[in-house]
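Asks: Quick one: this structure, given as structure tokens, is what I'll be asking you about.
The values are calculated or read from the model by the stated rules, or taken from the named source; none is laboratory data. It should be emphasised that the depicted structure is a prediction, and the values quoted were computed from it without experimental measurement. Neighbour counts run over all protein chains shown; Cβ positions are idealised from the backbone, glycine included. Areas reflect the complete protein model, heavy atoms only, side chains present, ligands, DNA and RNA absent. Shrake-Rupley method; radii C 1.70, N 1.55, O 1.52, S 1.80 Å.
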Amino acid sequence: MLKKLLYAFIACAAVPVSLSAQDAWTLQRCLDYAAEQNITVQKNRLAELDASQQLSQAKAALFPSLSFSMNQGLGYRPFQEATVMVQNGMATSTNNKVTENGSYGLNANWTVWNGGINQKNIQAQRVQNEIANVQTELSLKNIQEQIAQLYVQILYTIEAKKVNEQLAATAQQQLERGQERYKVGDLAKADVAQLESQVAQTQYDVVNAQTQIDGYKRQLKALLQLDITTPFDVATEEMADERALQPVPDKTDVYNKAVLARPEIRNAQLQADAADLQLNIARRGYLPSISINAGLGASHYSADSHNVGEQMKRNFNGSAGLGLSLPIFDNRRNKTSVERAKINKTTAALDLLDRQTALGSTIEDLWLQATSAQQRFISADAAVKSQETNFELINEQFKAGLKNIVDLLQARDNLLQAQQNKLQSKYTTILNTQLLRFYEGGEMGI
């Protein structure tokens, strides 16, 4: 019995630790999980494998092709007295109404030179492989950014909920004090009703904050591709106010590093390189191509008096040839290909410029949000300290009967607004500062 109790105690003690470790998702755990399990990222990795297969095919085009063919046939001529079959330059006659014949061939073909298109196709496919790799990196960074934004929003709302819970507890104490004053005739019933309304409002704010937290967690869970039955919760940790006072990176330095590091810029540059290669390939369509072909063949016919083996030996033949193809008039196919390749090249150059402009705008927006939020945080921090002192003073005066309910509620609203402003500006500063470091090539983290 003692052993059973001991085992039961160990099992019960181990369960909460396991569940806690499973349910508490840190930001790093979310990022690592998304890198492996997100469907978009997995599809992009499959696109990388597909591009690798296409590169292998492009390389194989440099080598000869070899194919084997076989044909078996039956002939039926019921109204002819004799059937004459010409095969390999020899005429064979038979009275059989049903005849059988077979032919076999082994053929090889090799494009020796087609204007260098095959070699350029390999270069172009290598660029496409790089594009596929960069696209995977881009999708991963986009998901990491979304995860960080949701995670910080959850932490902010959790802190906001704690503020509302503190105000709810204070409101409940004020209601109890008001009810005592009402019993002794020191407070009107209408004032007590206002205190009750204040309690209800603070409780509503707590419930509303929890609803927002659950909503953000659901969005984060969906982004991680977690099943509906999978338990999920984030590891909560309060951000120190000092985090919001760290220096904001210079926007020009961030942009200069981001142009070299960000995958969307590298992707646009690779697209421009690919367009340039396609133009080169299109121009080579005007050049001649040279090919070599060779073949081996044999056949047999049932009307022949010799056996199949003897016929195959007799009819065995080989061939070889050299082909030259020179486009003279191709219904404007080559010219159209060249002109379209020029258009694509110009489009790719414009896309690169557009990506660079968009990146600069994004970085400048993050920098403006971070710097302005940091200034608001400094002001909001001073406002919170002032409003806390003011609220405590009015609350004590209210208990002593020196302040009315209107003053109390106004002080409470001012404090709540100041605390919310501080929290919002703090987390906005932290998030956008981290995003700036992320854009210049740093790791995502908070």
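Asks: Which is the longest part of the chain that has none of the chymotrypsin sites (Phe, Trp or Tyr not before Pro) sitting in a DSSP loop with at most 13 other Cβ atoms within 10 Å? Walk me through the numbers on the way to the answer.
Replies: Numbers: sites that count: PHE79, PHE316, PHE329.
Here the longest run is 80-315.
Asks: Taking a probe of 1.4 Å, how large is the accessible area per residue of segment 201-244, in Å²?
Replies: That works out to 59 Å² for each residue.
Asks: If you average the sequence gap of Cα pairs under 8 Å that are 6 or more apart and divide by the length of segment 362-446, what percent do you get for the contact order? Don't jump to the answer; show the numbers that get you there.
Replies: On the way: 73 pairs, mean separation 39.0, N = 85.
46 percent.
Asks: Once the dipole of the chain is set up with Lys and Arg at +1 and Asp and Glu at -1 on Cβ about the Cα centre, which of ASN267, SER289, ALA47 lies farthest towards its positive end?
Replies: SER289
Asks: Kindly state, to the nearest 0.05, the FRET efficiency for ALA235 paired with GLN42, given R0 = 25 Å and r defined as their beta-carbon distance. Walk me through the numbers before you get to the answer.
Replies: Values: r = 25 Å, r/R0 = 1.02.
E(calc), rounded to 0.05, equals 0.45.
Asks: Heavy atoms of the protein only, probe of 1.4 Å, neighbouring chains included. What is the accessible area of VAL184 in Å², nearest 10?
Replies: 120
Asks: Please list, by residue number, every one of the GluC sites (Glu not before Pro) in segment 139-239 that is coil in DSSP and has at most 16 other beta-carbon atoms within 10 Å.
Replies: Numbers: sites: GLU145, GLU159, GLU165, GLU176, GLU180, GLU196, GLU237, GLU238; in loops: GLU237, GLU238.
Filter output for segment 139-239: GLU237, GLU238.
Asks: What FRET efficiency comes out for the pair GLN72/THR346, r = Cβ-Cβ distance, R0 = 56 Å, nearest 0.05? Before the final figure, lay out each step's value.
Replies: Values: r = 56 Å, r/R0 = 1.01.
The formula returns an efficiency of 0.50 here.
Asks: Report, for the chain, the % of DSSP beta bridges that are antiparallel, rounded to 5. Mind dumping the intermediate values first?
Replies: Working: 38 of 40 bridges.
Antiparallel: roughly 95 percent of the beta bridges in the chain.
Asks: Which value in nm describes the separation of the simple spin-label points at GLN166 and GLU145, placed 7 Å from the Cα toward the beta carbon?
Replies: 3.4
Asks: Out of ASN315, LEU155, ALA34, whose Cα points farthest toward the positive end of the dipole of the chain (charges: +1 Lys, Arg; -1 Asp, Glu; placed on Cβ)?
Replies: Going by the charge dipole, the pick is ASN315.
Asks: Once fully extended, how much extra length lies between HIS306 and ALA382, figured as 0.36 nm per residue of separation less the alpha-carbon to alpha-carbon distance?
Replies: Values: separation 76, 0.36 × 76 = 27.36 nm, distance 11.10 nm.
Here the answer is 16.3 nm.
Asks: So how do HIS300, HIS306 rank on accessible area, 1.4 Å probe, biggest first, that is with the largest at the start? Intermediate values should be presented prior to the final figure.
Replies: Details: HIS300 10, HIS306 80 Å².
Solvent-accessible surface, decreasing: HIS306, HIS300.
Asks: Over segment 304-446, give the accessible area per residue in Å² for a 1.4 Å probe, as an integer. Walk me through the intermediate numbers first.
Replies: Numbers: 8310 Å² over 143 residues.
That works out to 58 Å² for each residue.
Asks: How much of the accessible area of the chain, probe 1.4 Å, is carbon plus sulfur, in whole percent? Each step should come with its number before you reach the end.
Replies: Values: 14020 of 25900 Å².
Reported share for carbon and sulfur atoms: 54 percent.
Asks: Determine which lysines satisfy two conditions relative to LYS189: a Cα distance under 29 Å, and not lying fewer than 8 residues away in the same chain.
Replies: Reachable lysines: LYS399, LYS403.
Asks: Return the loop-located GluC sites (Glu not before Pro) in segment 376-443 (DSSP other than H, G, I, E, B) with at most 16 other Cβ atoms within 10 Å of their own Cβ; answer none if there are none. Could you put the intermediate results ahead of the total?
Replies: Details: sites: GLU388, GLU392, GLU396, GLU440, GLU443; in loops: GLU440, GLU443.
Answer in residue order: GLU443.
Asks: Same structure again: At 7 Å along Cα-to-Cβ for each site, give me the label-to-label distance between ASP365 and GLU176 in nm.
Replies: 4.9
Asks: Then there is this: Considering only protein heavy atoms, with the full assembly of protein chains and a 1.4 angstrom probe, order VAL248, VAL384, VAL98 by accessible area, largest first.
Replies: On the way: VAL248 30, VAL384 10, VAL98 85 Å².
Sorted descending by solvent-accessible area, the residues read VAL98, VAL248, VAL384.
Asks: For segment 229-271, which trypsin sites (Lys or Arg not before Pro) are both in a DSSP coil and crowded by at most 11 other Cβ atoms within 10 Å? Each step should come with its number before you reach the end.
Replies: Values: sites: ARG243, LYS251, LYS257, ARG266; in loops: none.
Counting only loop positions with at most 11 other Cβ atoms within 10 Å, none of the trypsin sites (Lys or Arg not before Pro) in segment 229-271 qualifies.
Asks: Moving on. Would you kindly derive the ³J(HN,Hα) couplings of segment 130-135 from the backbone phi angles with the Karplus curve 6.51 cos²θ - 1.76 cosθ + 1.60 (θ = phi - 60°), listing them in order in whole Hz, with x for Gly and Pro?
Replies: Karplus values, whole Hz, x for Gly and Pro: 5, 4, 4, 5, 5, 5.
Asks: Using 13 Å as the cut-off for backbone N distance, which residues of segment 398-430 belong to the label zone defined by a point 7 Å from the Cα of ALA190 along Cα→Cβ?
Replies: The answer is 405-406.
Asks: About its Cα centre, how strong a charge dipole does the chain have in debye, to the nearest 20, once Lys and Arg get +1 and Asp and Glu get -1 at the Cβ? The partial results should precede the final answer.
Replies: Numbers: 44 positive and 46 negative charges, 329 e Å.
In total the dipole reaches around 1580 debye.
Asks: Next question, about the same structure. Give the calculated FRET efficiency between LYS335 and SER52 to the nearest 0.05, with a Förster radius of 25 Å applied to their Cβ-Cβ distance.
Replies: Numbers: r = 33 Å, r/R0 = 1.34.
The formula returns an efficiency of 0.15 here.
Asks: Run the paramagnetic zone check for ASN107: 7 angstrom along Cα to Cβ, then residues of segment 296-325 with backbone nitrogen under 18 Å.
Replies: Residues passing the 18 Å test: 296-300, 316-325.
Asks: Full-extension gain between TYR33 and THR389, please, as 0.36 nm times their residue separation minus the C-alpha to C-alpha distance. Could you put the intermediate results ahead of the total?
Replies: Working: separation 356, 0.36 × 356 = 128.16 nm, distance 4.53 nm.
Taking TYR33 through THR389 to full extension adds about 123.6 nm, to one decimal.
Asks: Still on this structure: Based on Cβ point charges of +1 for Lys and Arg and -1 for Asp and Glu, what charge dipole magnitude is obtained for segment 239-279 about its Cα centre, in debye rounded to the nearest 20?
Replies: Using Cβ point charges on Lys, Arg, Asp and Glu, segment 239-279 gives about 40 debye.
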